[in-house]
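The values are calculated or read from the model by the stated rules, or taken from the named source; none is laboratory data. Owing to the predicted nature of the structure, the values given are computational and were not obtained by experimental measurement. Here the Cβ is made from the backbone with ideal geometry for all residues, glycine too, and neighbour counts use every protein chain on show. In case anyone asks, the SASA skips ligands and DNA or RNA and just uses the protein heavy atoms, side chains included. Shrake-Rupley method; radii C 1.70, N 1.55, O 1.52, S 1.80 Å.
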Amino acid sequence: LGELEGLVNNNRIFIDRTKDIGVITREEAINWSLTGPMARASGVARDARKDFPYLCYKDNWDGQGAKAVEFKVPVSQDGDVYARFRVRCEEIRQSLSIIRQLIDRIPEGPVDAFADSKMVKPPKKDVYGSIEGLIQHFELIMSNRGWKTPIAEAYSSVETANGELGYFIVADGTARPWRVKVRPPCFINYSICAKMTEGHMLSDIVAILGSINIVAAELDR
């Protein structure tokens, strides 16, 4: 990371191609619902890990009184391609700090949130190797069985490298949701691309698209 920044931070060509290119103001970032580095590079200090703490980002995350991991939210006020680059570099440093805080504290065991309950399908070896596993499997997938949901709606999100990834689910009391809506950060962030390119040269689009860091699968709706 240090070598990368040393290569481009004071590179006249890089700065000329990224400074004042694809500028997004703070007001525009808010109005277009941008999140992640796209918003933070425009002065919007929003991070789901800070604003809506979850897992290791909140106190007592391990059930033994552990304090939430500490990290800073990088923010810039310039809102251009160069600012988004600098914000992303600093976020890599913050991610490294988070890893150092947690690497020796990761609990052992399965990663399923409900691994010890009857709410998830059992491992295939149990399905094929035991009558209990086979029964649990069929209890969950048979249309007239399975667990029932309340008639309600819920939204939950996490902070990803590109911003807020959210899931909105409406349940009608059956085993299948009545509606599911995914909020992928790139789909939202890309929506302002046309506005960002106004008044620029065609070659500037390369830098602008790079600063959005598009995940193409999120655009394939």
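Applying the condition of being over 14 Å from residue 4 (Cβ atoms) and of a type in the set (D, E, K, R) to the stretch 81-105 and asking which residue is surrounded by the most Cβ atoms within 10 Å (Cβ to Cβ) yields 84. Listed by position, the helices (runs of 4 or more DSSP H) contained in the stretch 1-68 that have at least 1 residues being open to solvent by 40 Å² or more (accessible area, probe 1.4 Å) and farther than 18 Å from residue 204 by Cα are 2-8, 26-31, 48-51.
The C-beta contact set for the stretch 163-174 (first residue under 21 Å from residue 34 (Cα atoms) and open to solvent by less than 60 Å² (accessible area, probe 1.4 Å), second residue part of a loop (DSSP other than H, G, I, E, B) and not hydroxyl-bearing (Ser, Thr, Tyr), distance under 6 angstrom, 6+ apart or interchain) comprises 163/36. Going by what's in this entry, would residue 78 be described as in contact with a Lys or Arg (Cβ under 7 Å, 6 or more places away or on another chain), assigned to a loop (DSSP other than H, G, I, E, B), open to solvent by 60 Å² or more (accessible area, probe 1.4 Å) and modelled with pLDDT of 90 or more? Answer is no for this residue. The requirement of being assigned to a loop (DSSP other than H, G, I, E, B), β-branched (Val, Ile, Thr) and open to solvent by less than 60 Å² (accessible area, probe 1.4 Å) is fulfilled somewhere in the stretch 134-149, by at least one residue. When you scan the stretch 133-170, how many residues do you find that are farther than 30 Å from residue 213 by Cβ and either of a type in the set (Val, Ile, Thr) or touching a helix residue (DSSP H, G or I) at 6+ places or on another chain (Cβ under 7 Å) (or both)? Residues in the stretch 133-170 being farther than 30 Å from residue 213 by Cβ and either of a type in the set (Val, Ile, Thr) or touching a helix residue (DSSP H, G or I) at 6+ places or on another chain (Cβ under 7 Å) (or both): 10 in total. Checked against (1) over 21 Å from the mean Cα position of the chain (by Cα); (2) of a type in the set (S, T, N, Q); (3) within 24 Å of residue 36 (Cβ to Cβ), residue 160 meets all criteria but (1). Checked against (1) assigned to a loop (DSSP other than H, G, I, E, B); (2) over 30 Å from residue 50 (Cα atoms), residue 177 passes all but a single condition, namely (2). Within the stretch 183-197, the residues that satisfy the criterion of being farther than 15 Å from residue 36 by Cα and open to solvent by 60 Å² or more (accessible area, probe 1.4 Å) are 194, 195. Could you please tell me which pairs satisfy a Cβ distance under 8 Å, a separation of 6+ or placement on different chains, a first residue in the stretch 57-81 that is without any contact (Cβ under 8 Å) to a residue 12 or more places away in the chain and under 16 Å from residue 106 (Cβ atoms), and a second residue that is of a type outside the set (Val, Ile, Thr) and not in a loop (DSSP other than H, G, I, E, B)? Between residues of the stretch 57-81 that are without any contact (Cβ under 8 Å) to a residue 12 or more places away in the chain and under 16 Å from residue 106 (Cβ atoms) and residues that are of a type outside the set (Val, Ile, Thr) and not in a loop (DSSP other than H, G, I, E, B), the close pairs are 61/55. For the stretch 150-162, a residue qualifies if it is charged (D, E, K, R) and open to solvent by 90 Å² or more (accessible area, probe 1.4 Å), and exactly one does: 153. What do you reckon, is residue 180 touching a Leu at 6+ places or on another chain (Cβ under 6 Å), open to solvent by 40 Å² or more (accessible area, probe 1.4 Å) and either without any contact (Cβ under 8 Å) to a residue 60 or more places away in the chain or of a type outside the set (Gly, Ala, Ser) (or both)? The answer is no for residue 180.
Tell me, please, whether a residue that is among the acidic types (Asp, Glu) and more than 21 Å from residue 42 (Cα to Cα) can be found in the stretch 172-184. Yes, some residue in the stretch 172-184 is among the acidic types (Asp, Glu) and more than 21 Å from residue 42 (Cα to Cα). If we keep just the residues of the stretch 41-65 that are under 14 Å from the mean Cα position of the chain (by Cα) and of a type in the set (Lys, Arg), which is nearest to residue 212 (Cα to Cα)? Restricting to residues being under 14 Å from the mean Cα position of the chain (by Cα) and of a type in the set (Lys, Arg), the top hit is 46.
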